[in-house]
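See below for the structure under consideration.
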Amino acid sequence: MADPSSYRPQPGQVPDSPGVYRFRDEHRRVIYVGKAKSLRQRLANYFQDVAGLHPRTATMVTTAASVEWTVVSTEVEALQLEYSWIKEYDPRFNVKYRDDKSYPSLAVTLNEEYPRVQVMRGPKKKGVRYFGPYAHAWAIRETVDLMLRVFPVRTCSAGVFKRSAQIGRPCLLGYIGKCSAPCVGRVTPEEHRELAEDFCDFMAGRTGAYLSRLEKEMQIAAEDMEYEKAARLRDDIGALRRAMEKNAVVLADATDADLIAVAEDELEAAVQIFHVRGGRVRGQRGWVTDKVEAVDTAGLVEHALQQLYGEEQGEAVPKEVLVPALPEDTPALAQWLAGRRGSQVSLRIPQRGDKKALMETVHRNAQQSLALHKTKRAGDLTTRSRALEEIAEALELDGAPLRIECFDISHLQGDDVVASMVVFEDGLARKSEYRRFQIKGRVGDTQVWHGEGQDDVRSMHEVVSRRFRRYLLEKSKTGEWDPQDGEDGPPEDDGKPKRFAYPPQLVVVDGGQPQVAAARRALDELGIDDVAVCGLAKRLEEVWLPGEDDPVVLPRTSEGLYLLQRVRDEAHRFAIQYQRSKRGKRLKSGPLDEVPGLGESRKQALVKHFGSVKKLRQATIDQICEVPGIGRKTAETVAAALARAVPAGVAVNTATGEIIEDENPAPAGASSERGPEQ
């Protein structure tokens, strides 16, 4: 624990101007990012008597080992730089909102020649118009199904669209009138884009003018005795009104606004956002976060605004943002939001009327979200705590293993040998810390084995050595450890979380005594004696400890055993996933992949010219030279590579017994007769 006075800046050293500051720990990792109108006044607050600081602030300043700052010209620049650094460094003492679920949005791909309407999740893409997010995907599909009657926009995938264009026949939606069938030329690209833009206008809340236009067209059709057209327009109007009824009017003046409410206690906070467009609630989302820094409601609102609009542009930022409390730098925030929208944005607290009533509804949703989250977490936390205590007691550890790392080896009959490392912190999987390894058969500069054949023990020794050697390289920055000759130096100090920076309290290996002994030996060779090791054998779910002849047997109903099984199974899943992907890439490779300098385009040109690799192998060098882009030297290299390739035996479909014709026969001169498959 550091003394804040040891790194306190000298008097007069800190400028009295706007800026952003960063606290770093002893490993140079950024642990907190903040902004200030006056850096001198703000930083002075952190270097008071520690006993007088908020407990969370006191923890941060005693964890830190240095502070640095960057001066900017305006508060808006400070706000933008703070957001960028929080996103880049992921500081542990900053409040970071994370969605408690993935929300779907209605997307219109205006960046394509024929725009498509679809349900999308995940990060937003440039050139795509989004509406929502919605609570459920089925709500989007119901709305779209009603609107396709009036706006028959394409909804099919690229594959279906291409297939329909090839066969000259539209899909079912084209036949029933819910798609204008641009794939077969029923409408031009310009007409289809106009339909998509009308669809977007209607979804954006501009409904009155469009309905009035349809009603006039219906009356004109009726007066002209075009009753079929009038009936069709009447049904279109009814479909649009049913789609509008799915979102009740909450603000009568067709307001475009986002309403943000916060519910909090001493430890956690829940944020709920209602997206109102055209006076109707078009979407809802929510976050729950731990209050890892001393922050009030206004501070939580400021963080929420950065999270919500940090990546948005244009109309995604509404004209009005209603909040329960105004942040300290309200003018700077409003200016920042206006810059992202491209026009003025009002940031205020609703005082009366419909907007205040709706804000109360949003706040009730936030309270319910926080209560539900705490109910779930309380049960989970109790179980996880009991599991960690049982593991510590069974393995005779000094304390509960808050960070557990598990290693597993995967291969197929000795080929494509890989390893996985999964991390559980406080009993929960931390997938951002997962790592995977290709087994090289070497540790450092010392050749250990050739990596051929089935040897899980040596593989385990290698992967544990590599993981903790990287950890020691991180420690070398503070002078706690000197890397051996021949090792790469530590990575640059950029303040970002490092890949292997944090040591576990417990290493779990998938296996029994041999694997445990290999992992322990790897740690001993590196001089690491403060990390416990155990193994979990699959046969009887026994827990093995280094140097012990008998395993530790945990009760079948033990929460500790259940946690160890989950950790082991997750490592097994992650390793198999990686091994299968490597094997798939290897099996897809062919003899042309071995030709140096032959890119994907020329490989495709060769196969397309001759029809198959089989016919390419039978071609002469002069015939290969006829392919555009293939010179004589390349042709000779291709012919030599195909001649060296040894074809596999007869392939048999084990389900049907059918012999699969070989596309890669033996080179000329080889016998065409083969024995049975061995």
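Going residue by residue through the range 497-507, is there one that turns out to be at pLDDT 85 or above, part of a helix (DSSP H, G or I) and either of a type outside the set (K, R) or surrounded by 15 or more Cβ atoms within 10 Å (Cβ to Cβ) (or both)? First the steps, then the outcome.
Step one: of the range 497-507, the residues at pLDDT 85 or above are 504-507.
Now drop any that are not part of a helix (DSSP H, G or I), which leaves none.
No: zero hits.
Among the residues of the range 9-38, those identified as assigned to a loop (DSSP other than H, G, I, E, B) and touching a Leu at 6+ places or on another chain (Cβ under 9 Å) are P9, V14, P15, D16, S17, P18. Contact map, the range 68-89: residues that are of a type in the set (S, T, N, Q) paired with residues that are surrounded by 21 or more Cβ atoms within 10 Å (Cβ to Cβ) and not in a helix (DSSP H, G or I), Cβ distance under 6 Å, separation 6+ or inter-chain. Pairs shown: T70/G19; T70/V20.
Would the range 260-269 turn up any residue that is open to solvent by less than 40 Å² (accessible area, probe 1.4 Å), charged (D, E, K, R), closer than 30 Å to L370 by Cα and at pLDDT below 85? Yes, the range 260-269 contains a residue that is open to solvent by less than 40 Å² (accessible area, probe 1.4 Å), charged (D, E, K, R), closer than 30 Å to L370 by Cα and at pLDDT below 85. Residues that are more than 38 Å from the chain's Cα centre (by Cα) and either surrounded by 15 or more Cβ atoms within 10 Å (Cβ to Cβ) or aliphatic (A, V, I, L, M) (or both) within the range 597-613 comprise L606, H609, F610, V613, listed in sequence order.
Candidates are the residues of the range 537-572 that are assigned to a loop (DSSP other than H, G, I, E, B) and surrounded by 14 or more Cβ atoms within 10 Å (Cβ to Cβ); the one that is modelled with the lowest pLDDT is E541.
Whether a residue is at pLDDT below 85, open to solvent by 20 Å² or more (accessible area, probe 1.4 Å), assigned to a loop (DSSP other than H, G, I, E, B) and under 20 Å from A519 (Cβ atoms) was assessed, and W449 does not pass this test. Evaluated against (1) more than 28 Å from the chain's Cα centre (by Cα); (2) at pLDDT 85 or above, N247 falls short on exactly one condition, (2).
Take the residues in the range 284-302 that are assigned to a helix (DSSP H, G or I) and not aliphatic (A, V, I, L, M); name whichever of them is surrounded by the most Cβ atoms within 10 Å (Cβ to Cβ). The residue in question is E302. For the condition charged (D, E, K, R), within 27 Å of the chain's Cα centre (by Cα) and either modelled with pLDDT of 85 or more or surrounded by fewer than 16 Cβ atoms within 10 Å (Cβ to Cβ) (or both), R352 does not qualify.
The condition of being open to solvent by 10 Å² or more (accessible area, probe 1.4 Å), under 29 Å from the mean Cα position of the chain (by Cα) and of a type in the set (A, V, I, L, M) holds for A316.
Screening V321, V281 for residues that are open to solvent by 20 Å² or more (accessible area, probe 1.4 Å), of a type in the set (V, I, T) and under 15 Å from D258 (Cβ atoms) leaves exactly one candidate, V281. If you filter the range 129-157 down to residues that are in contact with a His (Cβ under 8 Å, 6 or more places away or on another chain) and at pLDDT 85 or above, you find that the one that is farthest from M203 (Cα to Cα) is R154.
Just one of (1) open to solvent by 60 Å² or more (accessible area, probe 1.4 Å); (2) touching a residue at least 40 places away in the same chain (Cβ under 8 Å); (3) not in a helix (DSSP H, G or I) fails for E142. It is (3).
Within the range 303-311, one or more residues are surrounded by fewer than 21 Cβ atoms within 10 Å (Cβ to Cβ) and either at pLDDT below 80 or aromatic (F, W, Y) (or both). Cβ-Cβ contacts under 6 Å between residues 6 or more apart (or on different chains), taken from a first residue in the range 550-564 that is more than 20 Å from Q513 (Cα to Cα) to a second residue that is surrounded by fewer than 19 Cβ atoms within 10 Å (Cβ to Cβ) and charged (D, E, K, R), are listed as E559/R386.
The values are calculated or read from the model by the stated rules, or taken from the named source; none is laboratory data. The model shown is predicted, which means the values in this text are computed figures rather than measured ones. Every residue, glycine among them, receives a Cβ derived from its backbone with ideal geometry; neighbour counts consider all protein chains shown. Side chains are part of the model used for accessible areas, which takes the heavy atoms of the whole protein and leaves out ligands, DNA and RNA. Shrake-Rupley method; radii C 1.70, N 1.55, O 1.52, S 1.80 Å.
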